[in-house]
Amino acid sequence: MIELLVHILLLAGLVISAFMVWHMDDLISAAIAFGAFSFLLSLEFLMLQAPDVAIAEAGIGAGLTTAIFVIAIRGTEKDGGASE
Amino acid sequence: MKSALRIGILVVCAAAFLMAGLDLSFGTPAYTDMDDYMLAHGQEETGSNNIVTGVVFDYRGFDTLGEATVLFTVVLGAGLVFRRLGKKEDEYEYE
Amino acid sequence: MNMSNLVRSGANIMMPFILVYGFYIVVHGHLTPGGGFQGGAVIATAVVLLMVAYSRADVFASIPKNVLKNSETAGLLLFIGTALLALTAGIAFFGNWLLGAGSLFGTPVAFGINPGDINTGGIIPILNIAVGIEVLGAMGILLLVMLGGMKGDAE
């Protein structure tokens with residue numbers, strides 16, 4: 001019962017964070033929301049008893065991909081021309 | 001009009017993928033001969049308690065070799081793409 | 001562009017723990033969930049945390065140029081070399097030539113559920129370490145190259 005509740009909470013969080021990625025106007029906020037999405041996805045993998053995939057998802061998805069997005073956003077310019 | 005078309009295409013594609021997945025059962029794959037063999041003999045044949053690592057590094061070692069090669073090639077490609085975009089007086093000449 | 005003081009202090013505190021956790025995952029790859037790829041990715045996360053928190057000049061000054069490149073190459077060479085050494089032992093490429101030999105990583109494993117001994121596994125721990133340092137170098141170099149390809153900081 002408690003397991004089903006955790007599953008439902010995690011999947012609802014996945015949908016909400018995926019919606020936030022689409023909804024955010026600020027790019028850094030969208031990148032952080034994407035990191036939260038990956039973290040929740042790795043927790044869901046852990047709940048489905050796949051700890052290998054969970055560690056890989058937490059390292060690659062929540063860590064490296066978010067960092068690549070943040071670095072890329074720092075390296076590009078907004079419309080006004082000022083670098084962030 | 002255009003957005004209605006987009007939503008219609010999305011619904012049709014999603015329905016197609018969901019229909020393909022409806023008759024699959026979760027947790028009971030069709031063919032399990034290889035899985036049963038690896039679960040039964042993996043520990044004594046590879047000597048590792050973690051069956052996943054035993055499969056990845058022993059039974060399927062060539063896959064891991066290909067994965068390592070792919071990673072190496074990715075780094076080579078990224079080094080080629082990003083090589084001269086910085087200024088000349090950059091303190092970090094990578095190549 | 002430096003991040004704020006809070007971010008830099010947090011990165012300094014978190015980084016050793018992430019490094020230790022990553023090395024634990026790599027070395028215990030044949031006993032616990034994880035392995036070379038996952039552990040290398042976790043270690044690369046620590047390097048990336050440094051890159052996000054500090055400015056470009058600090059990152060390029062503190063991470064030596066050739067260490068990551070050499071670790072990637074050494075990882076791939078160790079991987080292929082360990083696999084090739086099986087040919088000298090008379091078994092096929094990628095054969096487990098250290099299994100049960102009694103030397104390094106050569107203790108025979110007990111069958112069934114057991115608490116685990118790190119000295120088992122044959123060549124699997126060596127391949128884990130090789131893949132671990134290769135993934136660490138590859139991910140680090142990828143992000144360093146991307147960071148170095150950017151235009152200079154605005155300020």
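The values are calculated or read from the model by the stated rules, or taken from the named source; none is laboratory data. Since the model is a prediction, treat every value here as computed from it, not as a measurement. Heads up, the Cβs are rebuilt from the backbone with ideal geometry, glycines too, and the neighbour counts pull from every protein chain shown. These area figures cover heavy atoms from the full protein model, side chains too; ligands, DNA and RNA do not enter into them. Shrake-Rupley method; radii C 1.70, N 1.55, O 1.52, S 1.80 Å.
In chain C, the calculated helix contribution to ellipticity at 222 nm averages -21500 deg cm²/dmol per residue, counting -39,500 (n - 2.57) for every DSSP H run with n ≥ 4.
Altogether, the Stokes-Einstein calculation at 4 °C and 1.567 mPa s, with the Kirkwood radius of chain B over Cα pairs as Rh, returns a diffusion coefficient of 67 µm²/s. When the residues C:Met146, A:Met20, C:Met51, B:Met19 are ordered by accessible surface, computed with a 1.4 Å probe over the protein chains alone, the sequence from largest down reads B:Met19, A:Met20, C:Met146, C:Met51. Computed per residue of chain A from DSSP H runs no shorter than four, each worth -39500 (n - 2.57), the mean residue ellipticity at 222 nm is -23000 deg cm²/dmol.
For B:Cys13 and C:Ile63, the FRET efficiency from 1/(1 + (r/R0)^6), where r spans their Cβ atoms and R0 equals 30 Å, is about 0.10. Sorting B:Met38, B:Met1, A:Met47 by accessible area puts them as B:Met1, A:Met47, B:Met38; the probe is 1.4 Å, largest comes first, and only protein heavy atoms count.
For the protein assembly as shown, the pair-distance distribution built from all alpha carbon pairs, in bins 10 Å wide starting at 0, is 5, 20, 27, 24, 17, 6, 1, 0 percent.
Classify region A:2-75: rounded, prolate or oblate, from the alpha-carbon gyration tensor (a ≥ b ≥ c, eigenvalue square roots; a/c under 1.5 rounded; otherwise prolate if a/b is larger than b/c)? It comes out oblate by the Cα gyration axes. Rg/Rh for region C:5-149 stands at 1.07; both radii use Cα atoms, and Rh follows the Kirkwood definition.
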